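What follows is a set of notes on a single structure, which appears directly below.
The values are calculated or read from the model by the stated rules, or taken from the named source; none is laboratory data. Bear in mind that the values here come from a model prediction, so they are computed numbers and not experimental data. Please note: Cβ atoms are built from the backbone with ideal geometry, for glycine as well, and neighbour counts cover all protein chains shown.
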Amino acid sequence: MRPKGGLDFDFPRKTCYTTIMKVTLLAINTKYVHSSLAVWYLASGIAAHCRQKHTVEFVEATINANSGHIAALVIAQKPDVVGVSAYIWNAGILPELLALLHRHLPEAVIVLGGPEAAHNAAHWLKNGADYVLGGPGEQSFPALLNRLAGDNPIRTEKIADPYSDEYFKALGGRIAYIETARGCPFRCSYCLSGESELAFLPLDAAKKRIEKLAVSGTRTIKFTDRTFNANPQRACDIWEHVLRLDTDCCFHFEAAADCFDEKSLTLLNSAPPGRIQLEIGLQSFHEPTLAAVLRKTDLEKAEKNIRRILAPGNIHVHVDLIAGLPFETLADFEQSFRRAHALGAHTLQLGFLKLLHGSRLRKEAETLGLAYQKEPPYEILSSPWMSESDLKYLKIAENALQHTYNQGRFLSALAYVQSAAQLSPLYLFYGMGQAAFHEATPLEHYAARLYPYFAALPNVKEEPLRDCMLCDFLRMTKGSGMPAFLKSHGEKRRQAVERANEALGRFICPNEAAVLSSGQGVYVDSTKQDPVTGLYPLYYIS
């Protein structure tokens, strides 16, 4: 059962009074490039807090794997206890997986933790879990193991360190995660992070962990702190440390745009290109919506700070909006999108409201008239302010946004078309999604479907449109995969390649040069990919 009264347990279903147990910790990630930090926290907690030296093994899989395959990996280890971290992204496959584990490991104790389990314990106790844990897993999980082994729980405040030698061997260059703070000072009603008070890892310990990760072979280190700059001075201390490191790693932080102070902004402006990424959740620009979900944001300050961070071009900035929040109609959201798009962030995420177990908004859903999926990911279906068709409209726009702007694709073509046709950015992306909905479409075919849509828009001229898309292909892919209708041929292209060879002092691939409609040559330097945008620099031949 879920712990009652701190670390006390009762045993209604299954016990395993074995002195030394074999424990398998199972992580199911969204993609292979992601790693799990949770299972390593559990392992560090077992090592620190269990009286017995239990054997701990790991299984990491992805949601794309077959449940039978994942179960087979766990079964092969013949564990006494299986610990599973349950999240919104893997909850959908857990019932079938847990049923397989019970069938083939009838004596094993299955323990679920994580936000999806802790806030829906009764459901999981009926659907395969023997125990559901809440609170910090590195404390509650070893406490349960102690009770299963017939011991009393150890109560300790020792800080768990998940970064063991075994962790670094398993990481294998994938994205690494680090937690230097838990909880959040804000109480947004769609989120779970604000349910616990903000607590920080001691600064010295945080810096040591950062140093370990910076030499681990990973290229990206993501901080899981929900509002990294909630304490601006502490954020600056860590940023200063990150900027001093001799590393090629990129450090990703989630931040509140209106919490940056002058010292933070000055420091961020001095960062080496590509060293820092920022993810900034604006969620909405509609004031009644922000008030309804208890989201406190100084919007004017947030906009000013984002523009200042973007100005030097050294930091990749990701901005989030959430569609489907209370009191925001489609027209209101279009204004939020227009305002967010105008900031010029590298990524503009159009997300959809999810009614999470344990969130205040889920508890108020019936009163507010919010209809949502009853199975994970619990996404909004309709509301008094957004109909089902409104949300479908946004889904179509999101498809185009995700496969163009957010991936740095066709940026000059998008800028030209929007300016020439004088379209709302949201309407432009909706039209693109209708004309060329992306379903694992090869880039060459996608471009061929977008081009006629762009060309048919008011005031769009074919020659400048072709030139923009041609230059976009050079900057995106070094000209590789360019569709036939954009390619240059003949003597002028040969001359452009020769001039590019002279300018660069080396031979280039012929795809890396082209000729514009005016006859002017252009080429890219494939050795100078921008660490912030991922694009190649474009040069014009006079």
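So, in segment 407-417, of the ones that are surrounded by fewer than 19 Cβ atoms within 10 Å (Cβ to Cβ) and without any contact (Cβ under 8 Å) to a residue 60 or more places away in the chain, which residue ends up nearest to LEU474 (Cα to Cα)?
For segment 407-417, the residue satisfying everything is GLN407.
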Subset of segment 255-274 (residues that are out of contact with any Pro (no Cβ under 8 Å at 6 or more places or on another chain), over 18 Å from ALA340 (Cα atoms) and not acidic (Asp, Glu)): LEU265, THR266, LEU267, LEU268, SER270, ALA271, PRO272
Residues of segment 170-225 satisfying the condition of being touching a residue at least 60 places away in the same chain (Cβ under 8 Å) and acidic (Asp, Glu): GLU179, GLU195
Options SER336, SER284: the member that is closer than 20 Å to PRO185 by Cβ and small (Gly, Ala, Ser): SER284
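Can you tell me which residue among SER488, SER526 is among the polar types (S, T, N, Q) and either part of a strand (DSSP E or B) or under 35 Å from the mean Cα position of the chain (by Cα) (or both)?
On the way: SER488 fails: either part of a strand (DSSP E or B) or under 35 Å from the mean Cα position of the chain (by Cα) (or both).
Criteria check complete, one pass: SER526.
Can you name every one of the helices (runs of 4 or more DSSP H) wholly within segment 19-106 that holds 1 or more residues which are of a type in the set (Asp, Glu), assigned by TED's automatic domain parsing to the domain that holds ALA121 and under 29 Å from the mean Cα position of the chain (by Cα)?
94-104
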Top-ranked residue of segment 374-391 - restricted to ones that are touching a residue at least 12 places away in the same chain (Cβ under 8 Å) and under 20 Å from ALA117 (Cβ atoms), ranked as surrounded by the fewest Cβ atoms within 10 Å (Cβ to Cβ): GLU375
Condition met for GLY481 (closer than 18 Å to TYR451 by Cα and surrounded by fewer than 17 Cβ atoms within 10 Å (Cβ to Cβ)): yes
Failed item in (1) within 24 Å of GLU287 (Cβ to Cβ); (2) outside any loop (DSSP other than H, G, I, E, B); (3) touching a residue at least 24 places away in the same chain (Cβ under 8 Å), with ALA345 passing the rest: (2)
